[in-house]
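The values are calculated or read from the model by the stated rules, or taken from the named source; none is laboratory data. Keep in mind the model is a prediction, meaning the values are calculated, not measured. Note that each Cβ is placed from the backbone with ideal geometry, even for glycine, and that neighbours are counted across all protein chains shown.
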Amino acid sequence: MKSILEIRGLKASVEDMPILRGIDLTVNAGEVHAIMGPNGSGKSTLASVLAGNEDYEVDGGTVEYLGKDLLEMDVDERAREGVFLAFQYPIELPGVSTMNFLKQAVNSVREHRGQKPLGAAELLRLAKEKAALIELDTRLKQRSVNQGFSGGEKKRNEIFQLAMLEPTLAILDETDSGLDIDALRSVANGVNLLRTQERGFLIITHYQRLLNYIVPDFVHVIAGGRIVRSGDKELALELEKRGYDWVQEELAA
Amino acid sequence: MAELIDHRVEDRFLAAYERYQSLNGTSEPLSDLSKKAIERFAEIGFPARKNESWKYTNITPIIGRTYQMASTARAATKGIAGLTTHVAVFINGRFTPEASQLDQLPPGVSVKSLSATAEHELVQTHLGNYADYTDESFTALNTAFLKDGAVISIESGCKLDHPVHIIHIVANDEATIVQPRTLIHAADHASAQIIQSTEFRGSTSLLMNAVTEIYVGNEAHVDFLDLQVGTPHVSRITNLSVYQKSQSKFESDVFTFGGELTRNNLSILADGENCESLLHGLFMARGNSHIDNNTFVDHAKPNCYSSEYYKGILDHQSVGVFNGKVLVREDAQLINAYQTNRSILLSDTARMYSKPALEIYADDVKCSHGATTGQLDKDGLFYLRSRGIPEEEARRLMLTSFAGDIIEKAPVASLHELLYDHVECMLR
């Protein structure tokens with residue numbers, strides 16, 4: 001099986017406060033990994049560090065992405081290489097037209113892959129097709145990026161961009177937070193349609209709920225900046241039943 | 001000491017006036033106005049920094065230079081590609097029919113030279129009536145040296161099919177002062193779009209001191225777009241004075257890109273009920289550029305609406321100023337007046353002074369003002385980059401969108417692409 005991501009002993013801090021204290025994780029092509037954990041355990045930090053957010057300082061460890069040193073790459077370079085982060089809080093960009101944004105993003109990535117840039121008509125066709133996948137209201141494309149979108153629309157828009165950019169590694173940072181049950185179902189449905197043999201997913205979530213719809217191959221629990229337990233989807237169900245105190249207590253024991 | 005130097009500067013302009021009069025003479029019908037203006041200038045002089053509305057703009061360096069008065073010159077222009085307009089060309093402030101294209105003007109619309117129409121009733125009634133030479137030094141100077149300019153008249157009920165484009169060509173080979181003058185008269189129910197731009201052909205320092213007066217009749221509609229693309233040796237003082245009658249609509253769009261020092265004075269007197277006044281501006285500066293937008297909206301009658309929206313992008317050591325004042329007089333009830341100024345600073349050394357102000361004497365009005373100055377949104381930049389867009393392009397995309405907000409409001413849609421090109425150019 002082809003490995004996409006190899007994280008070894010990753011340590012990271014924010015404003016001199018250590019958050020990640022040694023993460024080890026391997027994601028292979030075609031796998032869906034769920035990362036669960038209590039608030040403040042370091043789940044979202046892991047997502048931010050992998051995406052290249054400069055607010056976080058990497059203090060140690062290595063991250064190999066398709067055999068390359070991911071930590072050496074700039075944010076935009078990582079994205080062009082096929083790493084995608086669906087934001088927990090997508091940013092509103094007043095005045096930046098969604099179609100213009102998509103065109104630049106898609107063509108930056110395509111150019112990097114040695115593909116021909118898409119013209120306006122081709123892009124529109126592709127956008128229509130992908131929007132249908134996650135039941136995104138196509139009228140949103142007329143607006144500025146994320147501006148005035150509801151919480152659910154923003155999250156759908158993230159998955160829509162995922163579909164447009166066709167990454168190799170997709171990281172979903174608490175995509176389920178703030179979603180009602182219908183939105184959750186359609187977002188999950190979209191993600192399931194995007195699961196392929198070549199693509200790996202890292203799904204960060206606080207609740208097991210999302211994993212009823214996107215069934216993971218592996219579940220990892222982060223606590224105190226480390227992965228303290230790994231298992232299959234049953235682990236998530238157990239967590240739901242017994243709460244996070246259970247793993248933390250067990251760890252302390 | 002400073003006082004002494006100031007006086008000398010003004011004396012030089014007064015002496016220049018005497019020489020100018022003995023050499024050229026101002027044509028008879030304009031000489032009264034010209035004389036009154038120079039007398040007033042002698043009294044008020046140039047504005048001092050103490051003057052609140054000139055607090056952040058120091059004009060000493062630009063008025064302290066020795067300038068020649070612009071002389072006649074020959075030049076031609078291609079205008080703006082892809083834009084269908086009636087073109088009126090002024091070279092060094094003088095109307096040049098042979099370089100203009102005005103043969104397709106619709107009936108009821110005329111574009112003439114001021115020197116040829118000085119005796120006409122329209123000029124006699126309106127010229128100098130709206131641009132205040134009694135209180136504004138630069139308007140007084142422009143009026144004192146009045147010789148030629150443009151007179152655009154749109155008769156009652158007439159509509160311009162395409163915009164009139166006033167192109168000023170300034171060709172100078174030594175330091176020069178040029179003082180264009182424009183009078184636009186839109187009679188009742190008339191409608192017109194006017195574009196004004198300047199082509200600088202010289203490479204030595206230039207001071208342009210332009211005055212434009214616009215009369216907007218009852219239920220008339222005028223859009224005035226001023227496109228200013230400067231170089232580091234060009235300084236500009238523009239004075240745009242607008243008078244609106246009832247149920248009229250006026251829109252001003254001022255685009256200022258670069259230049260040494262720019263001061264845009266815009267004043268609107270809404271002297272009738274149900275007027276609509278829109279004031280839009282975009283300014284972009286870098287290097288040592290200084291751009292000052294000074295606006296004044298005077299609501300004299302009830303039931304009017306005014307909305308002002310200015311945006312700026314400043315880089316390097318450049319300075320931006322926004323001084324916006326809205327006055328609502330005592331009897332002007334039910335006024336809706338809005339003012340917004342947003343600016344982005346791209347460097348640690350660029351500065352922006354923003355001072356929106358409301359002065360309200362009526363009690364039943366809806367007015368608001370706001371100003372923000374900040375850096376490019378870091379989170380937004382990260383978001384764009386996280387989608388594969390390189391940093392430089394992401395910055396450009398955000399800044400172009402920021403500026404595009406004003407461009408999209410500009411009424412002549414066929415100009416938008418050119419405006420975006422200028423924005424791109426300033427960001428390169």
Among the residues of the range B:219-230, is any farther than 21 Å from B:THR295 by Cα and buried (at least 24 other Cβ atoms within 10 Å of the Cβ)?
-> yes
Can we say B:VAL211 is over 18 Å from B:THR84 (Cα atoms), surrounded by 23 or more Cβ atoms within 10 Å (Cβ to Cβ) and in contact (Cβ under 8 Å) with a residue 40 or more places away in the chain?
-> yes
Could you say whether any residue in the range B:338-351 is surrounded by 20 or more Cβ atoms within 10 Å (Cβ to Cβ), closer than 30 Å to B:LEU269 by Cα and in contact with a Pro (Cβ under 7 Å, 6 or more places away or on another chain)?
-> yes
Sole residue being under 21 Å from A:THR98 (Cα atoms) and out of contact with any helix residue (DSSP H, G or I) (no Cβ under 9 Å at 6 or more places or on another chain), chosen from A:ARG139, A:ARG199, A:ARG156 | A:ARG139
Candidates B:LEU261, B:LEU314, B:LEU282, B:LEU278, filtered to the one that is touching a His at 6+ places or on another chain (Cβ under 6 Å) and more than 21 Å from B:ASP132 (Cβ to Cβ) | B:LEU261
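Residues being of a type outside the set (A, V, I, L, M, F, W, C) and either modelled with pLDDT of 95 or more or within 25 Å of B:LYS409 (Cβ to Cβ) (or both): count how many of those fall in the range B:191-234. Let's see the steps before the verdict.
Quick first cut of the range B:191-234, residues of a type outside the set (A, V, I, L, M, F, W, C) only: B:191, B:193, B:196-199, B:201-205, B:209, B:212-213, B:215, B:217-219, B:221, B:223, B:226, B:228, B:230-233.
Narrowing the set further to residues that are either modelled with pLDDT of 95 or more or within 25 Å of B:LYS409 (Cβ to Cβ) (or both) leaves B:191, B:193, B:196-199, B:209, B:212-213, B:215, B:217-219, B:221, B:223, B:226, B:228, B:230.
Selection size over the range B:191-234: 18.
Pick from B:PRO29, B:PRO61, B:PRO107, B:PRO47: which is touching a helix residue (DSSP H, G or I) at 6+ places or on another chain (Cβ under 6 Å) and not aromatic (Phe, Trp, Tyr)?
Sole residue among the options that is touching a helix residue (DSSP H, G or I) at 6+ places or on another chain (Cβ under 6 Å) and not aromatic (Phe, Trp, Tyr): B:PRO47.
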Quick check, is B:GLU359 among the acidic types (Asp, Glu) and either touching a helix residue (DSSP H, G or I) at 6+ places or on another chain (Cβ under 8 Å) or assigned to a helix (DSSP H, G or I) (or both)?
-> no
Could you look through the range B:249-283, keep only residues that are buried (at least 23 other Cβ atoms within 10 Å of the Cβ) and farther than 14 Å from B:ASP226 by Cα, and pick out the one that is modelled with the lowest pLDDT?
-> B:GLY259
Qualifying residue in the range A:172-179 (condition: without any contact (Cβ under 8 Å) to a residue 40 or more places away in the chain, part of a helix (DSSP H, G or I) and not polar (S, T, N, Q)) = no
Need at least 3 residues that are more than 7 Å from chain B (Cβ to nearest Cβ) and surrounded by 15 or more Cβ atoms within 10 Å (Cβ to Cβ) per element, so show me which strands (runs of 3 or more DSSP E) inside the range A:57-127 make the cut, counting only ones lying wholly within it.
-> A:57-65, A:83-86
Flagged in the range A:194-214 as within 17 Å of A:ALA86 (Cα to Cα) and assigned to a helix (DSSP H, G or I), in numbering order, are A:LEU194, A:LEU210, A:LEU211
Mind checking which residues of the range B:115-146 are under 22 Å from B:GLU52 (Cα atoms) and among the hydrophobic types (A, V, I, L, M, F, W, C)?
-> B:ALA131, B:PHE138, B:ALA140, B:LEU141
Yes or no: B:SER386 out of contact with any Gly (no Cβ under 6 Å at 6 or more places or on another chain), hydroxyl-bearing (Ser, Thr, Tyr) and more than 10 Å from chain A (Cβ to nearest Cβ)?
-> no
Hits in the range B:12-54 - residues which are free of Cβ contacts under 8 Å to residues at least 40 places away in the same chain and more than 30 Å from B:ALA116 (Cα to Cα) = B:GLU43, B:ARG49, B:LYS50, B:ASN51, B:GLU52, B:TRP54
Within 22 Å of B:LEU240 (Cβ to Cβ) and outside any loop (DSSP other than H, G, I, E, B), is that true of B:ILE291?
-> yes
If we keep only residues of the range B:77-93 that are at pLDDT below 90 and touching an Asp or Glu at 6+ places or on another chain (Cβ under 9 Å), then the residue surrounded by the fewest Cβ atoms within 10 Å (Cβ to Cβ) is B:GLY82
Every residue from the range B:393-416 that is within 9 Å of chain A (Cβ to nearest Cβ) and closer than 11 Å to B:PHE255 by Cβ | B:ALA403
Here are B:LEU381, B:LEU419, B:LEU376: which of them is part of a helix (DSSP H, G or I) and within 12 Å of another protein chain (Cβ to nearest Cβ)?
-> B:LEU381
Just name the residue that is modelled with the lowest pLDDT out of those in the range A:168-205 that are under 15 Å from the mean Cα position of the chain (by Cα) and among the acidic types (Asp, Glu).
-> A:ASP176
All positions within the range A:23-56 that are part of a strand (DSSP E or B) and surrounded by 17 or more Cβ atoms within 10 Å (Cβ to Cβ) | A:ILE23, A:LEU25, A:VAL27, A:VAL32, A:HIS33, A:ALA34, A:ILE35, A:MET36
Mind checking which residues of the range B:146-165 are under 19 Å from the mean Cα position of the chain (by Cα) and either at pLDDT 95 or above or of a type outside the set (A, V, I, L, M) (or both)?
-> B:ASP148, B:GLY149, B:VAL151, B:ILE152, B:PRO163, B:VAL164, B:HIS165
What is the number of the single condition among (1) out of contact with any Ser or Thr (no Cβ under 9 Å at 6 or more places or on another chain); (2) of a type outside the set (Phe, Trp, Tyr); (3) modelled with pLDDT of 95 or more; (4) surrounded by 16 or more Cβ atoms within 10 Å (Cβ to Cβ) that B:LYS355 does not meet?
-> (3)
